[in-house]
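The values are calculated or read from the model by the stated rules, or taken from the named source; none is laboratory data. Since the model is a prediction, treat every value here as computed from it, not as a measurement. Every residue, glycine among them, receives a Cβ derived from its backbone with ideal geometry; neighbour counts consider all protein chains shown. Areas reflect the complete protein model, heavy atoms only, side chains present, ligands, DNA and RNA absent. Shrake-Rupley method; radii C 1.70, N 1.55, O 1.52, S 1.80 Å.
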Amino acid sequence: MKKAVPVLVSSLLALVVLSLSGCFFSSGGGGPRFLYVGNTASPAAMSALTAASGSLTPITGSPFDTADNSPLTLAGVSNRFLYAAVPSSNGTAAGGILLMPIHGDGSLGAAQLLASGGDYDGIAVTPNGKFLYAADVAGSRVVAFSIDPNTGALTGIGPQGPPPGVGVGPDPFNLTVDRQGKFLFVASCGCVTSSGQGIWVFSINADGTLTTVPESPFSLPAAGSTPQPSDLVVSPDGTLLFVSSYDDKVYVESINAVSGALSSAATPVSLPAGSAPGSVRTSTDGKFVYTADGGTGNLSMLTVGAGGALTDQGEVAVGGSPAVVLADPSGGFLYATNFDQNSVVVYSIGSDGRLTQTASVSTGGTGPFGLAWSH
């Protein structure tokens, strides 16, 4: 299984690739909020925790069995279904998409492996919960599925389902959908092949099919090194795309609201040498950007200014190997999975965006990576 914290690009084939673009927010309200954590190391399992004011409490029965399938990226449909990408290199005969029903108390039902046969690292679900998209790394493609609203079962959408899917550049580790459900963005890292780097953009049609935005893939601006996009996230207002890259930078792209086309919005920000940021997320209000820097064991803190310009506010230590970052929908806290310490580290977010560690909670499993919300 490939490890998700890339310290050296040349070792990516032997390491797990982090992918977390599948975090989700429920449109429901009033009930408790649940945080799910994918534990990738044997025995693989899915942790479920109740979250309240930055306090995490394991739900009875957590972690839940994933039937020997290693859950990498997480995504879901409101408070009904939780999905996880399962790479083919995790010891099973083939990868696929893991489905686990969510119960009213936040606990999880029996795991089912769907769409067996792909090498899936990244998945994303549209805000309306109708469609799921997965990045097949081995096939350099994106595959599209419709979601059964009653059972959560997946059905490939014509020829854009598996196979053959829609071709993209090499090493498509992560992908994300904007909150309006208009566009799908795919990061083609080109880390293994050292070529084909860029961002593919697709418009999402009413039936879930994808239309390639002209000029895809979009190149990130040269900034003294070769961009290797590892993860990406759309700003809450849908106008900007923030891209973390293994060349120790965070890039900022402007999104054309009509076509989805990208253009450089601000000068890339350089992180400390060797940061290798594998995950990037914004705060709930979009004022701040955070990256999980697997190479240095830190989280980087960035402020978003006019036009998307980023200002580096330094780093905060995790005390291990940070894999994924995700903000609490309430806006007051940030969570990071700590792969080495088998925990989720909790930080309060200050008014200036700076992080203060408040807790570290065991997941009850090993090798935690992906995070997702439900409530």
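Numerical summary
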item	result
Inter-centroid distance (Cα atoms) of region 162-224 relative to region 244-282, Å	14 Å
Nearest-20 debye value, the chain charge dipole, Cβ charges on Lys, Arg, Asp, Glu	300 debye
Alpha carbon centroid spacing (whole Å) that separates region 307-375 from region 130-144	27 Å
Net charge, Pro272 excluded, C-beta distance under 13 Å - Lys, Arg +1, Asp, Glu -1	-4
Positive-pole candidate from His103, Leu114, Thr337, dipole of the chain, charges at beta carbon	His103
Total formal charge among the other residues, if their Cβ is under 9 angstrom from that of Asn174, Lys/Arg +1 and Asp/Glu -1	-2
Local net charge near Lys130, Cβ-Cβ under 12 Å (Lys/Arg +1, Asp/Glu -1)	-2
Label-point gap, in nm, between Thr60 and Ser259 - each point 7 angstrom along Cα→Cβ	5.7 nm
[x] 24.6; [y] 15.5; [z] 18.2, with the label sought being that of the calculated mean projected area of the Cα convex hull in nm²	[y]
Modelled FRET efficiency - R0 25 Å, Thr366 with Ala138, Cβ distances, 0.05 increments	0.50
Computed over the chain: relative contact order in percent, which uses C-alpha pairs under 8 Å that are six or more apart	16 percent
Computed label-point distance, nm, for sites Ser225 and Gln180 using a 7 Å Cα→Cβ extension	3.3 nm
Percentage, to the nearest whole number, of Cα pairs in region 163-297 over 18 Å apart	51 percent
Rough spin-label spacing in nm, given labels placed 7 Å along Cα→Cβ, for Glu215 and Ala52	5.0 nm
Cα centre as origin, Lys/Arg/Asp/Glu Cβ charges: region 117-228 dipole, Debye	180 debye
Cα gyration tensor of region 126-167 - equivalent ellipsoid semi-axes, whole Å, descending	20, 10, 8
Carbon and sulfur %, accessible surface of the chain computed with the full protein complex present, 1.4 Å	53 percent
Cα gyration tensor shape for region 100-143, rounded if a/c is under 1.5, else prolate or oblate	oblate
Reference-scaled alpha-carbon Rg (2.2 N^0.38 Å with N residues) for region 268-375	1.00
